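No lab work stands behind these numbers, since they all come straight from the coordinates. Keep in mind that what you see is a predicted model, and the values were worked out from it rather than measured. Cβ placement follows ideal geometry from the backbone for every residue including glycine, while neighbour counts extend to all protein chains displayed.
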Amino acid sequence: MLSYQHAYHAGNFADVHKHLTLYAVIEHLLRKKTAITYVDTHAGRGLYPLNAQETQRLQEYREGIWPLWQAHTGLNDTLLSAWKAVLTSAQSSPASLTHYPGSPWWLSHSLREQDRLTLFELHPGEHEQLSTQGLPPHAKRVFGDGLAGLKAMLPAPSPRLCVLIDPSYERKAEYQEVADTVVYTLEKARHGVVLIWYPLLPVGHHYTLLSNLAESGIRKIWRSELLLRESGEQAHGMFGSGMLVINPPWGLDNRLAAAMAEITPLLGADSRYQSDWWVGE
Ligand code: SAM
């Protein structure tokens, strides 16, 4: 039984971290003409009106996309400005932030004729909403389990593969299931670019994912973390957002570090960014 709905969290700091990283990866992949197969294993509903009842309940976007949007004129970083320009194109009017686009939108936005995108979603209501989104014809929406679906698609039909794995981690077992799926994926597509999002929670369950991947033999696993605050004894709830990028494009670390240097001061005095090779070459 799935209860998580991303609308409650749309546009939060973790979304900014995740979608900016995704955007930077895609932008790099698009430099070559060769076809790309994109897979989004946990797609959500696609586009989130910020005035929706669910989003208004927690208003997490106020600690995420909102301060960045307001800092419209002060952003010097090239990656960040390009990302914001795309974000602006998702709005009903360029002057106001009314919607926050989810991963299906970021992925389909850059889809070229030769590329293919598959969006898996297991929640019937979320899948139904995703089905109403106006996406390009070669963006395929599948109602089903994204991890099993990804495995069934391998080896990928095109030479290049880019996968986003962004579960809700409602079950602790998901950390292990994600690790197993990633190992399988890299066995079938050694050069595939795989992005995995994970929450930083005081309980530290994400170490199951990280340690399994470290022991798997997979090389080139880059880790990027955006922290809103430190995990102290009083900390509760998600204090940071983590991303692993396997086979990251060259220069991704520096591009994101520069963008994050502009973002973190906007997210509060305790916010900070860190990145390193979780497993090197
Ligand atoms: N990737 C989305 C984005 O960036 O906009 C957000 C995804 S949200 C964190 C996780 C989504 O995964 C939820 O919509 C949930 O219903 C869905 N989900 C949970 N388990 C799933 C599974 N096994 N396969 C596919 N989707 C699943």
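Of note:
- Sparsely packed trypsin sites (Lys or Arg not before Pro) within the stretch 4-33, loop by DSSP, other Cβ within 10 Å at most 10: ARG31, LYS32, LYS33
- Extension gain, GLU230 to ALA95, is 45.2 nm, computed as 0.36 nm per intervening residue step minus the present C-alpha separation.
- Put simply, the Cα atoms of the chain extend 44, 43, 40 Å along their principal axes, the longest span coming first.
- Formal net charge of residues neighbouring ASN12 (Cβ-Cβ distance under 10 Å; K, R +1; D, E -1): -1
- Each of LEU97, LEU75, LEU256 was scored by other Cβ atoms within 10 Å of its Cβ. Arranged with the fewest first, they read LEU75, LEU97, LEU256.
- Cleavage-rule hits, chymotrypsin sites (Phe, Trp or Tyr not before Pro), the stretch 165-264, DSSP coil, Cβ neighbours within 10 Å at most 16: TRP250
- Residue-count net charge about LEU147 - beta-carbon cut-off 9 Å; Lys, Arg +1, Asp, Glu -1: -3
- Within the chain: Cβ-based charge dipole about Cα centre, in debye rounded to nearest 20 (Lys, Arg +1; Asp, Glu -1): 820 debye
- For the stretch 205-246, GluC sites (Glu not before Pro) meeting the loop criterion (DSSP other than H, G, I, E, B) and having at most 12 other Cβ atoms within 10 Å: GLU215, GLU230, GLU233.
- Exposure proxy ranking for SER158, SER271, based on other Cβ atoms within 10 angstrom of each Cβ and starting from the fewest, stands as SER158, SER271.
- Average Cα contact separation per residue, the stretch 6-279, under 8 Å, 6 or more apart, as relative contact order %: 23 percent
- Pairs from LYS84/LYS220; LYS84/LYS188; LYS32/LYS172; LYS151/LYS220 whose Cα-Cα separation, in the structure shown, is over 31 Å: LYS84/LYS188; LYS32/LYS172
- Proxy reagent accessibility, fewest Cβ within 10 Å first, across LYS188, LYS172: LYS172, LYS188
- Measuring max minus min along each principal axis, the C-alpha atoms of the stretch 14-142 give extents of 36, 36, 24 Å (largest first).
- Taking the stretch 255-281 and a reference point 7 angstrom along Cα→Cβ of ASN76, the backbone N atoms nearer than 17 Å belong to 255-266.
- Helical contribution to [θ] at 222 nm, DSSP H n ≥ 4, -39,500 (n - 2.57), averaged over the chain, rounded to 500: -10500 deg cm²/dmol
- Among beta bridges that DSSP assigns inside the chain, antiparallel share in %, nearest 5: 55 percent
- The C-alpha radius of gyration of the stretch 37-77, expressed as a fraction of 2.2 N^0.38 Å, stands at 1.55.
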